[in-house]
Amino acid sequence: MNIWIVNHYACAPSHSAGTRHWSLSRRLIELGHSVTVISTSFFHNDRRETRLLPNESFRRELVEGVPYIWIRTPPYKRNSFARLRNILMFAWRVWREYGLDEESRPDVILGSSPDLFAAWAASRLAKRYKVPFVLEIRDLWPEVFVSLGLMSRRHPLVRVFGRIERALYRSAAAIISILPSAYEYFSAHGGDSATIHHLPNGIDLSMAPPFSPPNDNKRFTLMFAGAHGAANGLDALLDAAKQIAHGPLGQTIQIELIGDGPEKKRLQQRAVEENITNVNFRQPVAKHEIYNVLKSADAFLMVLEDSPVFHWGVSPNKLFDYLSVGRPVIFNISTNTNLVQEAKAGITVKPGDPKALAEGIERLARLPLDERIAMGRRGREYVERHHDQRILGERLERILMGARRAATRTVLLSNAA
């Protein structure tokens, strides 16, 4: 098959964000398929142009074996009208087939959210080429904005997103969700339950180092590596850090926050103003380099805002990075799909409660080293069994081939009638 994947935020290993579609595409290519990933050259996490020269509107590039088409979109600094303009321009240029004139005709087109406009553009391309459209949902737009209190259900943009969402569900030959419990949500919003598939995030084990236990350090280092945004629950983490600083382990526990995002400057300012000295903010690290950094931690933090939107499940890239390194994880999310608990790879604490989070951190720090090593080893074994991107790539192949076969049967039945 010739597969086009449209993802506004499809990162390369040189970026400091998830590389889901790079890894899955590499596996599909190994399985004998042709794949082209279509993405923006403006990197969201760093808010900067990363791929194109000033006179280029797009560029074809082979990214470590995976063909990409990078499309220029307008810059932005915050989640403002400028970002909406960026989103709309990407969708428009995909629909206008920027960089696609030399590509072979696709057999199937996958459009990935969270950007529903990009997925809409992918669905229009599929209709133009008369090939099946496969929709991948990674975040529930617009539900996430409403649940986090960022927008009212009556907000015009929420209404627009809602209409696009329903139209995409109805037009998709298959729906892929990284969220394990979202079947009911999709069905309630126009999706056909027979076409819904769960394909979680995972880990490219060729990039991750072999398991190695941590040293018995005097200082206990916890690490968070990811976006610093409204959904990430980092204010509660700063509250917990303040409580730890005044407790019996205040001199031995250090929290490292690696990454960037719209909330980072505010969080840094808050740490300065409130003299939260046991939290250190660090710059983002490219995917190629992140595992060597993660290995220096004694444990990891998996925190998100306490929001009902996570009831449908979570599958954050960073969780699988954490587990692959073989360190225990503190899980602090309100969801009914707790992989850390399932893998027995850490401890779970009540979300939205800084006191409970502080106590959980202290409890983990007090555990004997051999117990923490056992937790880390179980986490590594869990991702090897269930979240290896090679296995997930084979599952994606079956979904795409199934969508193509179903579309072929529909055409044959239509012609026969």
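The values are calculated or read from the model by the stated rules, or taken from the named source; none is laboratory data. For clarity, every value in this text was computed on a predicted model and none was experimentally measured. FYI the Cβ positions are ideal-geometry reconstructions off the backbone, even for glycines, and counts take in every protein chain you see.
Tabulated data for the structure shown
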read-out: Top-ranked residue of the range 302-356 - restricted to ones that are among the hydroxyl-bearing types (Ser, Thr, Tyr) and touching a Ser or Thr at 6+ places or on another chain (Cβ under 9 Å), ranked as farthest from Phe145 (Cα to Cα); value: Thr337
read-out: Search result, residues across the range 277-306 that are under 27 Å from Ala374 (Cβ atoms) and not hydrophobic (A, V, I, L, M, F, W, C); value: Asn278, Tyr291, Asn292, Lys295, Ser296, Asp298
read-out: Qualifying residue in the range 204-217 (condition: surrounded by 20 or more Cβ atoms within 10 Å (Cβ to Cβ), touching a His at 6+ places or on another chain (Cβ under 6 Å) and not assigned by TED's automatic domain parsing to the domain that holds Asp139); value: no
read-out: Residue in the range 266-279 that is under 19 Å from Phe43 (Cα atoms) and modelled with pLDDT under 95 present; value: no
read-out: Residues of the range 279-312 that turn out to be buried (at least 20 other Cβ atoms within 10 Å of the Cβ) and not hydrophobic (A, V, I, L, M, F, W, C), as a count; value: 5
read-out: Within the range 97-135, considering residues that are in a loop (DSSP other than H, G, I, E, B) and among the aliphatic types (A, V, I, L, M), the one nearest to Val6 (Cα to Cα); value: Leu100
read-out: Test set (1) closer than 14 Å to Ala299 by Cα; (2) buried (at least 24 other Cβ atoms within 10 Å of the Cβ) - Thr348 fails condition number; value: (2)
read-out: Residue selected from the range 245-298 under the condition closer than 30 Å to Lys77 by Cβ and among the basic types (Lys, Arg), by the criterion nearest to the chain's Cα centre (by Cα); value: Lys287
read-out: Among (1) within 21 Å of the chain's Cα centre (by Cα); (2) modelled with pLDDT of 95 or more; (3) of a type in the set (D, E, K, R), the one test that Arg20 misses; value: (2)
read-out: Ala271 outside the structural domain of Ser181 (by TED's automatic domain parsing), in contact (Cβ under 8 Å) with a residue 24 or more places away in the chain and either in contact with a His (Cβ under 6 Å, 6 or more places away or on another chain) or assigned to a helix (DSSP H, G or I) (or both); value: yes
read-out: Residues of the range 290-336 classified as modelled with pLDDT of 85 or more, more than 18 Å from Ile253 (Cβ to Cβ) and in a loop (DSSP other than H, G, I, E, B), total; value: 4
read-out: Within the range 12-32, considering residues that are in contact with a strand residue (DSSP E or B) (Cβ under 9 Å, 6 or more places away or on another chain) and of a type in the set (D, E, K, R), the one surrounded by the most Cβ atoms within 10 Å (Cβ to Cβ); value: Arg20
read-out: Residue under evaluation Gly352, criteria (1) closer than 21 Å to His198 by Cα; (2) touching an Asp or Glu at 6+ places or on another chain (Cβ under 6 Å); (3) part of a loop (DSSP other than H, G, I, E, B), criterion not met; value: (1)
read-out: The range 322-339: number of residues that are surrounded by 23 or more Cβ atoms within 10 Å (Cβ to Cβ) and over 15 Å from Ile361 (Cα atoms); value: 6
read-out: The one condition in (1) over 30 Å from Glu371 (Cα atoms); (2) under 23 Å from the mean Cα position of the chain (by Cα) that Leu205 fails to fulfil; value: (1)
read-out: Of all residues in the range 31-77 being touching a Pro at 6+ places or on another chain (Cβ under 8 Å) and aliphatic (A, V, I, L, M), the one that is nearest to Pro114 (Cα to Cα); value: Val37
read-out: Matching residues in the range 337-358 - criterion: being among the hydrophobic types (A, V, I, L, M, F, W, C) and more than 21 Å from the chain's Cα centre (by Cα); value: Ile347, Val349, Ala356, Leu357, Ala358
